[in-house]
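Readers should treat all values here as calculations from the given coordinates under stated rules, not as data from a laboratory. Computed from a predicted model, the values in this text were never measured in an experiment. Neighbour counts are summed over all protein chains in view; Cβ atoms, including those assigned to glycine, are modelled from backbone coordinates with ideal geometry.
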Amino acid sequence: MAVNHEWFNADYTVRNAISVIVPAYNEARNLPELVSRIFAALAEREDTVCECIIVNDASTDDTERVLHKLAQKYEGLRNVRMIKNSGQSAALLAGMRLAKGEYIITLDADLQNDPADIPKILEALGTADCVCGYREGRHDSPARRVTSYLGNRVRRWFVDDGVRDAGCGIKGFRRVCLQHIVPFHGVHRFFASMVKNGGLRIVEVPVTHHPRIHGKSKYNFRNRIFWVLYDFFGVAWLRKRYLVIDAEEENLHPSERQ
């Protein structure tokens with residue numbers, strides 16, 4: 001089934017459109033299968049405008065060539081290239097800000113998130129502003145599962161956003177969420193907290209998790225423990241000081257204007 005792509009050159013948000021954002025750093029071997037699965041998941045929504053934005057975070061492998069080749073096959077594929085390697089948060093935010101969809105889906109490029117869960121996320125967005133997936137039956141090493149468990153426990157102690165699995169890459173957002181996300185390194189772990197600070201509604205849904213086949217994880221205990229703890233304190237402070245601007249313009253009758 002064809003997906004409508006006619007609006008891609010338009011510089012505006014398209015009502016009811018869907019944007020899928022994928023940050024990718026040295027994931028060339030995973031991208032062909034991933035992009036195929038994403039468009040397969042979107043194909044049933046033939047009356048909906050859809051796009052997929054792959055954000056190449058200055059990869060040093062064959063990612064750029066692979067994306068150029070895929071773009072010849074998938075009209076709705078957009079390739080965004082970071083000028084320098086900037087990390088997952090920056091890549092996600094770059095893609096989200098460039099997205100034209102009213103509904104934004106994020107997922108990782110390693111094929112551990114399943115694009116077949118995209119319809120489930122979109123369905124949940126019918127009654128929520130932000131949807132966070134949580135991984136059932138995780139296919140990670142025991143060390144990664146323990147690290148993730150402890151990290152989530154500590155995070156919820158500092159920042160009680162009600163989310164059980166902040167590290168799950170597949171999430172959904174209504175576009176209104178973007179104005180509440182403060183950009184900083186590591187903010188992708190606190191998207192739900194930012195959205196909750198803005199008074200928006202969050203729900204969780206169970207999602208599939210697959211073992212990694214190609215490539216290797218960019219995270220380990222040593223390269224993130226200090227900064228994650230550092231971020232906990234910062235976000236806990238921000239939650240107490242966060243300012244929500246709620247105002248509307250009053251339309252006066254012409255005779256009332258001075």
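Say each of Gln72 and Leu98 gets a label point 7 Å from the Cα, pointing the same way as Cα to Cβ; how far apart are those two points in nm? Distance between label points: 2.1 nm.
When the trypsin sites (Lys or Arg not before Pro) in region 43-77 are filtered for DSSP coil states and for at most 11 other beta-carbon atoms within 10 Å of their beta-carbon, the remaining sites are Lys73. As a size descriptor, the averaged projected area of the C-alpha convex hull of region 69-123 was calculated at 5.0 nm². Here the extension length gained between Val182 and Asp62 equals 40.0 nm, from 0.36 nm per residue of separation less the Cα-Cα distance.
When the listed pairs Lys73/Lys171; Lys120/Lys196; Lys100/Lys171; Lys73/Lys100; Lys171/Lys196 are checked against a 24 Å cut-off, the alpha-carbon distance exceeds it for Lys73/Lys171. What is the P(r) of region 1-122, as percent of Cα-Cα pairs per 10 Å bin from 0? Histogram of Cα-Cα distances, whole percents per bin: 14, 50, 33, 3.
Peptides 161-169, 50-58, 195-203: what's the order by average Cβ count within 10 Å, highest mean first? Intermediate results must be reported in sequence, preceding the final value.
On the way: 161-169: 19.8, 50-58: 23.7, 195-203: 18.0.
Order by mean packing, descending: 50-58, 161-169, 195-203.
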